[in-house]
């Protein structure tokens, strides 16, 4: 059997971080995804889906630190069925995503999601955010290229 879900969308609320008695971090949030299509009459329609998701461990802590409502993310994980009994005694259930891989897609300046000090690629949750390694040259003068004397007969093509 194969159970894999990949979604790109925006967070519908801030990440809710909790810790289990075992000390493991658990973060819950929701994502909104859009689909644009033409209906039978040829009219352009938009469909928005709201899906809850769960992130575990260090990834949950990083998500809580860098993601906010409206942040654009890519989620990769599996579909799960949550079942519980509500306060009135009714059995309830819903589908959600258990995230195995999360990437932040916002660029610096589009929100408060980028780590301080720079941003190079979408950060993969579960790894430490990396500082931008490129530093522009400061006050460098362009170097002159040496001249090369090549006869056209020496070129092999």
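Laboratory data are not the source of any read-out in this text; all were calculated from the coordinates shown. Note that the coordinates shown come from a computational prediction; the quantities given were computed from them, not determined experimentally.
Values as computed for the structure displayed
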quantity	calculated
DSSP beta bridge pairing in the stretch 5-104, given as percent antiparallel to the nearest 5	95 percent
Difference of contour (0.36 nm per residue) and Cα-Cα distance, residue 19 to residue 54	11.3 nm
Gyration tensor (alpha-carbon) shape descriptor, the stretch 5-104, a/c threshold 1.5	oblate
